[in-house]
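The structure appears below as structure tokens.
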Amino acid sequence: MTKVAMSTAVPVSAKQVWDLIGNFNAMPQWHPAVKNSEQKGDGVGSVRTMTLPDGSQIVEKLESKDDGSRSLTYSIVNSPLPVANYTSTMTVHDKGGQAEVEWSSNFDPKGASPEDAMKAVQGVYAAGLENLKKMFGG
């Protein structure tokens, strides 16, 4: 298993950030690489299909969600990313009145070296975390 973990501080309350990213189908509202998303079902077990600017799609399943701890875990069902057995958790922590967003995952590289698979996932996380900071004035 390969692991990736990244985090960033966002200069607003943890609640404000969670209100956005805690919505499983809201990825197009904050991640610049997601053009649109359609969700089937509600809550744990629901599946979102996200379309990227090049038309490729990523299908993900919500595995768990806890609004109290501001955490959600999802898995990739189908993706052009070089990963298999991918599970990821996003958590928003309250750090003295501002949010810290943590995004981590475990996966097996598929069709790429572990380093290249890691770089691909890190690129996705970096783009999303950077955009969150920009959106909230960071």
Scan region 94-113 and tell me whether some residue there is surrounded by fewer than 19 Cβ atoms within 10 Å (Cβ to Cβ) and β-branched (V, I, T). no
Residue pairs qualifying under the 7 Å Cβ cut-off, at least six apart or on distinct chains, with the first in region 66-77 being free of Cβ contacts under 8 Å to residues at least 40 places away in the same chain and on the phi < 0 side of the Ramachandran plot and the second being part of a strand (DSSP E or B) and aromatic (F, W, Y), are S75/Y86; I76/Y86
Tell me the residue from N85, N36 that is among the polar types (S, T, N, Q), surrounded by fewer than 16 Cβ atoms within 10 Å (Cβ to Cβ), over 23 Å from V4 (Cα atoms) and in contact (Cβ under 8 Å) with a residue 12 or more places away in the chain, please. N36
With the checklist (1) more than 21 Å from F107 (Cβ to Cβ); (2) surrounded by fewer than 16 Cβ atoms within 10 Å (Cβ to Cβ); (3) in contact with a Ser or Thr (Cβ under 8 Å, 6 or more places away or on another chain) in hand, flag the one item N25 doesn't pass. (2)
Could you figure out which of (1) acidic (D, E); (2) over 22 Å from V17 (Cα atoms); (3) touching a Leu at 6+ places or on another chain (Cβ under 8 Å) isn't true of D66? (2)
Out of all the residues in region 44-65, is one or more under 17 Å from A126 (Cβ atoms) and either under 13 Å from the mean Cα position of the chain (by Cα) or crowded, with 16+ Cβ neighbours inside 10 Å (or both)? yes
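Coordinate-derived values only; no laboratory data. The structure displayed is predicted, hence computed values, not measured ones. As a convention, Cβ positions derive from the backbone with ideal geometry for all residues, glycine included, and neighbour counts pool all protein chains shown.
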